[in-house]
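The values are calculated or read from the model by the stated rules, or taken from the named source; none is laboratory data. Please read all numbers here as calculations on a predicted model, not as lab measurements. Note that we place each Cβ from the backbone using ideal geometry, even for glycine, and neighbour counts take in every protein chain shown.
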C-alpha cells in the first residue's frame, strides 16, 4: 500500500482490507490516513551510525507496529520518545512524520484537541518543504478533528485544502476519504444535498478502486444522509447495498447497525412486514456475536412492528423475551419499558388481568 493511503476508521488504524473492529474504540464514520508497514521503508532511514538517530528510528518503527496492532497507549509512548530524540538531533523531516502519526493516534483515541495540536506542529515544520503527502495527512487530521469539535467552518477549510492536494497528487484513495469526510461535515450542518454530492463522488472513485471496505463505509454514510432527508426509498437502496458488502466482508457489527437502519426506514414507510424481516436478521446477528444491547433493541423494535401489523400475540412474545433479557443484564430502564409495552399490548387484546400483572410489575419497580 503506497505512502499516504487512507484507511477506514470506524470505531482506526489498520488497512481497509482488515475488519474495522481492529482499529480503535471510538466509533465514527470518518475515513482516516494511515501509515502502514509498506510505507515504513519510506518513513524510516537505513540503520544510522548515530546512536540517537538509530534509537529514534527504532522507536518510530516500534510505534508504527504498535499502532497497527491497536495498542494506542504504548504506540503513543514510543512515538513521543521518538519525537524527542528527533528534536534533539534537529531532524525536521522525521519530526514532521512522527507528529503526523501522533495526530492520527490522538484522533483515533478521541483526543481531538491533541490531534489538532500535533497536526498543526507538523504543518509548521512543512512550511518550507515539498512533502505534499505529509501535508495532506496533517490537513485531514485537522479537518476531521474540527468536525468532531463542531467547528465546521475550520473543518471544511482544512478538508478542502486536503482535497486540492489529493487532486494535485492524483491520489484517488485519499480523494475517497476527503470527499467522504467533507460529506460528513455538511451532514452535520444539515446540508444534506451537499453531503450527498460529496459522498456520491467518493462512491464513484472507491468503486473504481474496487475497495470493498471503503465502499461499505461510503454506502452507509449515503444511506444516513438520505435517511436524514426522510427519503427512505433512497436510504433503503444504499443500506441494502451496504449490508450485502458488510456480510461478504464478515463485518458483523456494521451489518447489525445497517439492518437496524433498514428496519427503521421500512417502518417509516409503513412496510412493517419488511421491517420485521430486517429486525429479525439483526436479532439473529446479535445473538451470534452475543451483543446483548443490540439483541434487546431488536426485540423492542420487533414488538413495535408486530403491534403496527395488529399482531399483538407476536408482539407480546417479543416483549416478554425483551423483559427476560433486561432482567438478566440488570437493565432497569429496559425492564420498565418492556413491562409498559406488555401492558399496552395486553390491553389491546382485552386481556385486562394480564395487563394488570404487568402494571403491578411496573409499580413494584418504581
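Side notes on the structure shown:
- Check on residue 283, within 24 Å of residue 213 (Cβ to Cβ) and in a helix (DSSP H, G or I): no
- Matching option when the condition is in contact with a strand residue (DSSP E or B) (Cβ under 9 Å, 6 or more places away or on another chain) and either assigned by TED's automatic domain parsing to the domain that holds residue 112 or within 30 Å of residue 276 (Cα to Cα) (or both), among 244, 252, 178: 178
- Residue match in segment 244-261 (condition: more than 27 Å from the chain's Cα centre (by Cα) and assigned to a helix (DSSP H, G or I)): no
- From the options 300, 294, residue that is at negative phi and within 23 Å of the chain's Cα centre (by Cα): 294
- Checking every residue in segment 272-295 against the condition of being closer than 21 Å to residue 200 by Cα, in contact with a helix residue (DSSP H, G or I) (Cβ under 6 Å, 6 or more places away or on another chain) and not assigned by TED's automatic domain parsing to the domain that holds residue 190 gives zero matches.
- Here residue 287 meets the list (1) more than 19 Å from residue 356 (Cα to Cα); (2) surrounded by 16 or more Cβ atoms within 10 Å (Cβ to Cβ) almost entirely, failing just condition (2).
Okay, residues lined up against (1) out of contact with any helix residue (DSSP H, G or I) (no Cβ under 8 Å at 6 or more places or on another chain); (2) surrounded by 23 or more Cβ atoms within 10 Å (Cβ to Cβ); (3) over 24 Å from residue 175 (Cβ atoms); (4) outside the structural domain of residue 183 (by TED's automatic domain parsing):
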| position | (1), (2), (3), (4) |
| --- | --- |
| 52 | no, no, yes, no |
| 65 | no, no, yes, no |
| 82 | no, yes, yes, no |
| 86 | no, yes, yes, no |
| 89 | no, no, yes, no |
| 100 | no, yes, no, no |
| 112 | no, no, no, no |
| 138 | no, yes, no, no |
| 142 | no, yes, no, no |
